[in-house]
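Down below is the structure, laid out as structure tokens.
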Amino acid sequence: MATSASSSLSKAVKQQYMELPQGDKVQAMYIWIDGTGEGLRCKTRTLDAEPKSIEDLPEWNFDGSSTYQSEGSNSDMYLIPSAMFRDPFRKDPNKLVLCEVLKYNRKPAETNLRITCKKVMEMVEDQQPWFGMEQEYTILGTDGHPFGWPSNGFPGPQGPYYCGVGADKAYGRDIVEAHYRACLYAGVQICGTNAEVMPAQWEFQVGPCEGINMGDHLWVARFILHRVCEDFGVVASFDPKPIPGNWNGAGCHTNFSTKEMREDGGLKAIEESIEKLGKRHHYHIRAYDPKGGLDNARRLTGHHETSNIHEFSAGVANRGASIRIPRNVGQEKKGYFEDRRPSANCDPYAVTEALIRTCLLSEEGDEPVDY
């Protein structure tokens, strides 16, 4: 099994140092999204006291030429603290700090999609938009081969692995358990986890989160997963189709509702939103993966519980549709709907913003409106 060399360093020896008192100082790990739109970067600074709010955290900077975000001749980028969580690796009083990235001229970096998402969320906050995102991922060895798969072949076909239990069905549960507990400690709104259809593939769910919190909590949950996998010497992949052929891909199904949808008779508002989504399918496909739909084209084939990327569809309890209305929502005539199109490596800020623009701001056409 290809695990990283660093994972075999003695964790017991490290723990001896981690237990040393740190005085009044606090370690704040600043986290940001790099120029790929899906990679995460981080670095740490010492603070003189425990920050109680975002306002207590100083701005910082980094070299954007090493993160695909600027040229070497003008490489300073600004880190603007945006959300703060407890640090499950260094423990209290230390912090994880999710940051927005600004360029040298204080304009948002190309992959800083939080800034417009936040603006759009503020426009509709009276409608109380709630989201829940189901993040699928695959555990790989450092050689890129799925964790636990035979080195020169394939495991048995799909069927017994989804929500499976047992050494021959669940590959890598230690990582899942460690990640879940670390998220709870950090204050991430993680609400569940399960083994997925392909062996070595898992899912965790984050939500319900209101507005901008959805993107903040999902990005930090992803960071924590990468960090946990690093300790175990393996890799978490959000590739939407990590293994070609007769294996399920990985998505990030997004559940959405408003105050009106959750109240009696809300099914009417749900159906109106779905009708709007149907007229703007290509805009959403472009927003639902970092490569403008190219990543998702490998996954949304119409097979393996997906819809076809070229067609919009909706149905009650239909896992092969673009939009699924859960059966109990159809029966109770209120609740939420699930957009099954976002890819596992989507930017949650882009996905939630697109849903608000189309469903609540009634935008049409292939381009977002500039407010």
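The values are calculated or read from the model by the stated rules, or taken from the named source; none is laboratory data. Bear in mind the structure is a predicted one, so any value in this text is a computation, not a measurement. Virtual Cβ from ideal backbone geometry, glycine too; neighbours counted across all protein chains shown. The protein model used for the area step is the full one, side chains on, heavy atoms only, and it has no ligands, DNA or RNA in it. Shrake-Rupley method; radii C 1.70, N 1.55, O 1.52, S 1.80 Å.
If only residues of the stretch 291-314 that are out of contact with any helix residue (DSSP H, G or I) (no Cβ under 6 Å at 6 or more places or on another chain) and on the phi > 0 side of the Ramachandran plot are counted, the one that is surrounded by the most Cβ atoms within 10 Å (Cβ to Cβ) is His304. Taken together, the criteria exclude Thr111 from residues that are in a helix (DSSP H, G or I), touching a strand residue (DSSP E or B) at 6+ places or on another chain (Cβ under 9 Å) and either touching a residue at least 60 places away in the same chain (Cβ under 8 Å) or over 30 Å from Thr258 (Cα atoms) (or both). Selection of the stretch 142-152 for residues being open to solvent by less than 20 Å² (accessible area, probe 1.4 Å) and farther than 18 Å from Ala195 by Cβ yields an empty set. Among the residues of the stretch 122-135 satisfying the criterion of being crowded, with 22+ Cβ neighbours inside 10 Å and in a strand (DSSP E or B), which is farthest from the chain's Cα centre (by Cα)? Among residues in the stretch 122-135 that are crowded, with 22+ Cβ neighbours inside 10 Å and in a strand (DSSP E or B), the one farthest from the chain's Cα centre (by Cα) is Phe131. For the condition of a type in the set (A, V, I, L, M), at pLDDT 95 or above, in the same structural domain as Pro150 (by the TED database) and touching a Leu at 6+ places or on another chain (Cβ under 6 Å), Val188 does not qualify.
Restricting attention to the stretch 338-371, the residues being over 20 Å from Ser313 (Cβ atoms) and not in a loop (DSSP other than H, G, I, E, B) number 7. Filtering the stretch 306-337 to residues that are over 25 Å from the mean Cα position of the chain (by Cα) and assigned to a loop (DSSP other than H, G, I, E, B) leaves Lys333, Lys334. Of the listed requirements (1) out of contact with any helix residue (DSSP H, G or I) (no Cβ under 6 Å at 6 or more places or on another chain); (2) open to solvent by 10 Å² or more (accessible area, probe 1.4 Å), Gly335 misses just one: (1). One residue stands out in the stretch 338-354 among those that are among the charged types (D, E, K, R) and more than 23 Å from Glu311 (Cβ to Cβ): the one that is farthest from the chain's Cα centre (by Cα), namely Glu353.
Across the stretch 309-330, the number of residues qualifying as modelled with pLDDT under 95 and over 21 Å from Ile356 (Cα atoms) comes to 6.
Considered as a group, the residues in the stretch 338-370 that are farther than 16 Å from Ala269 by Cα and among the polar types (S, T, N, Q) include one that is surrounded by the fewest Cβ atoms within 10 Å (Cβ to Cβ), and that residue is Asn345.
The condition of being touching a residue at least 40 places away in the same chain (Cβ under 8 Å), open to solvent by 20 Å² or more (accessible area, probe 1.4 Å) and over 17 Å from Ile356 (Cα atoms) does not hold for Gly251. Filtered by the rule that a residue be buried (at least 18 other Cβ atoms within 10 Å of the Cβ) and in a loop (DSSP other than H, G, I, E, B), the stretch 258-289 gives Thr258, Gly266, Arg280, Tyr288, Asp289.
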